Amino acid sequence: MLVISSASAAGVRYWQRSAVHSRWLGEGAARLGLAGQEIDDGALRDLLAGRHPGGEALTTRPGLRQRQGWDLVFGAPKSVSLLASAGEGAAAGTVRFAFRQAVADAFSVLEQRAAWVYRQGGREKTSGLVAGAFEHMSGGPNQPHLHAHVVLANLAGRGDGHWGCLIGAELWHWREGIGACFQLALRAHLAGSGLSLDWEIGPGGLGEIAGVSRQVRSAASGRSLATRAGALWFGATSPAANRVSQGRGHAGDLTSPPRPHPVGGQPRLGLPRAPAGPGAGLPPPPPSPDAVAHALAERRSSFCEPDVLVALAET
């Protein structure tokens, strides 16, 4: 999934701490000579402040920007996080590499489709984004959670060679679509790496590995543990008590999510296995147009591009 929140230079130490991998993303990073380099704390702070790494301002009035940047958090499904945390074997390394590729793919789509800057009272398409990606393996003690903080500076290269500020509304408009694109890319890269996995697909296209039970996933989730603790505080352990407990921390979310359905065959243990014959391990065929249209109708969509990506991920 993808979660977007505001970002500022004050968060650099948090993103850098416990990161197992970091890199620059975006055509703007290449334009500034940062591509291929490890992320330097000072350079990222300068960019979030609207300055070139080294000090000079990139925009005419960097101090008047209402926002320094955005923190785009790409989170792997819990079952994928568990597989990525299973030691230092080949399978775990393969999962982490596939995750890294999926984050880059999703960010590339964002840069191609959702990056617009203000210019002379209007707007202009751009692809010159600058972001630092920090990969983390956990969300807390004993909580495997493979995720990446992609810190996007509120800067983008314009066609005239200068720099402008991004239109944040476009990022929000594309949020679900980019999240679905990440899910599609992650499943594709895992399949392409030779890991033959079956998936249970839930709302929004979030896919969990079939065979990794919900109980196992919940046991490794801090949020699930907090939910059960809240239910005990109410004096009950029923599903209804869990839903009420969830509502205390997430207002309006008092209904349990629809039950995922299996995709790609009968559910079985979601661990890597050798292909059984010609064509084994290949991704399933694409969904039919009717299935995608039905998913869009269920969302009451106007068939905008982000919704189409979500419908593809769901089917």
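Only the coordinates and a few stated rules stand behind these numbers; no lab work does. Everything numeric in this text was worked out from a predicted model, so none of it was measured. Counting neighbours? That spans all protein chains shown, and the Cβs are built from the backbone with ideal geometry, glycine included.
Prolate is the label for the stretch 2-192, because the ratio a/c of its alpha-carbon gyration tensor axes (a ≥ b ≥ c) is 1.5 or higher and a/b is greater than b/c. Highest-first packing order for the peptide set 50-58, 177-185 is 177-185, 50-58, based on the mean count of other beta carbon atoms within 10 Å.
The packing ranking of peptides 148-154, 288-294, highest mean first, is 148-154, 288-294, where packing means the average number of other beta carbon atoms within 10 angstrom of each residue. Put simply, when 105-117, 37-49, 72-84, 207-219 are sorted by average Cβ atoms within 10 angstrom per residue, most first, you get 72-84, 105-117, 37-49, 207-219. At what distance in angstrom do the alpha carbon centres of the stretch 93-160 and the stretch 1-57 lie from each other? Going from one Cα centre to the other spans 11 Å. If a paramagnetic tag sat 7 Å from the Cα of Tyr14 along the Cα-Cβ line, which residues of the stretch 66-80 would have the backbone N under 13 Å from that point? Zone members listed by number: 70-73. Using the Cβ of Trp15 as centre and a radius below 12 Å, the other residues enclosed give a net charge of 0, where K and R count +1 and D and E count -1.
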